[in-house]
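Data first, discussion second: the structure below is written as C-alpha cells.
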Amino acid sequence: MIANVTRQTYPFSLPDLPYAYDALEPHIDQKTLQLHHRGHHNTYVQKLNEPLQKETALHARTLDELLRDVAKLPESLRAAVANNGGGHVLHDFFWNAMKPAPNREPGGALAAAIDREFGTLADFRRKFSDASAKHFASGWVTLVLDHGSKKLEIVGLKDHTVPDPRKTTALIILDVWEHAYYLKYQNRRPEFIEAFWKVVNWTHVEEKFASASGAR
Ligand code: MN3
C-alpha cells in the first residue's frame with residue numbers, strides 16, 4: 001500500500017485532510033468525517049506511537065518498513081503495529097482517494113483495464129459495491145493491481161490488514177467499518193457505498209494505476 005504516511009517515522013502524526021470537513025457533503029457528512037479523522041484515525045496514530053516510545057532502535061524505521069517486517073518485531077509490539085499502523089496507512093489512502101463532487105468517469109488506460117477485467121465501468125461498480133455490502137464485520141474493500149497476474153482484483157481486507165505493496169498496488173479503497181457511515185446511514189451500508197461513488201477521486205486512481213503499470 002503506497003500512502004503518504006508510509007514514509008513517516010516515529011513519532012507518527014495525523015496529516016490534515018486534503019479538503020475541508022464539509023467538502024464531501026451531502027455524500028459523506030461533516031460530523032462523520034470529523035469524528036472519523038480527528039477521532040478514529042487520530043486514535044490509531046496515538047496507539048501506534050505509545051508502544052513504540054521506548055523502542056528507540058525502531059525510531060528510524062518508516063511505517064512501510066515496520067509493516068513489511070511486522071512478523072520480525074518483538075511479539076509484544078506486533079498486534080499494536082499491525083492494527084494501528086495499518087489503520088494509519090489505510091485511512092490516509094482513503095482520504096486521498098476521495099475528492100469533493102462532482103467527479104467524472106475514469107479514462108485512458110485505467111478505463112480500458114476496467115473494461116477488460118469487468119466488462120464495463122457499471123459492471124465493476126456493481127461488483128465492488130456488492131463486495132462492500134457483503135463484507136462481514138469490520139474491514140475494507142479495495143481494488144488492486146496484482147503484480148503477478150497483472151490483473152485488477154477486488155479484495156476484501158479484514159480489520160486493518162494492509163495489502164502487501166510487494167505483491168499488489170492499491171487503487172481504490174473503501175472503509176466499511178460501521179464508524180465510517182453509521183451516524184448518517186445507520187444500518188444502510190449500501191446507501192453509503194452509493195454515496196462513495198460520488199466522491200471517488202478518479203485522478204488519484206489513474207495516477208496510481210499509471211505508476212504501477214509503468215513500473216512493471
Ligand atoms: Mn475508519
Open item on the list: Can you confirm whether Thr161 is touching a residue at least 12 places away in the same chain (Cβ under 8 Å) and within 12 Å of the chain's Cα centre (by Cα)?
Closed with: yes
Open item on the list: Please verify whether Val141 is in the same structural domain as Glu50 (by TED's automatic domain parsing), under 21 Å from Ala3 (Cβ atoms) and under 19 Å from the mean Cα position of the chain (by Cα), treating the condition exactly as stated.
Closed with: no
Open item on the list: Regarding the stretch 194-204, can at least one residue be identified that is loosely packed, with under 14 Cβ neighbours inside 10 Å and within 16 Å of the ligand (Cβ to nearest atom)?
Closed with: no
TODO: Specify which of the listed residues (Leu90, Leu77, Leu67) is touching a strand residue (DSSP E or B) at 6+ places or on another chain (Cβ under 7 Å) and either part of a loop (DSSP other than H, G, I, E, B) or not small (Gly, Ala, Ser) (or both).
DONE: Leu90
- [ ] Give the residues of the stretch 124-167 that are at negative phi, of a type outside the set (D, E, K, R) and assigned to a loop (DSSP other than H, G, I, E, B), sorted by residue number.
- [x] His135, Phe136, Ser138, His147, Gly148, Ser149, His160, Thr161, Val162, Pro163, Pro165
TODO: Please verify whether the stretch 41-61 includes one or more residues that are touching a residue at least 60 places away in the same chain (Cβ under 8 Å), within 16 Å of the ligand (Cβ to nearest atom) and either surrounded by 17 or more Cβ atoms within 10 Å (Cβ to Cβ) or of a type in the set (A, V, I, L, M) (or both).
DONE: yes
TODO: Please work out if Ala112 is hydrophobic (A, V, I, L, M, F, W, C), assigned by TED's automatic domain parsing to the domain that holds Glu153, assigned to a helix (DSSP H, G or I) and surrounded by fewer than 14 Cβ atoms within 10 Å (Cβ to Cβ).
DONE: yes
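The values are calculated or read from the model by the stated rules, or taken from the named source; none is laboratory data. Given the structure is predicted, the values throughout are model-derived calculations rather than measurements. Cβ coordinates were reconstructed from backbone atoms using ideal geometry, including for glycine residues, and neighbour counts include every protein chain displayed.
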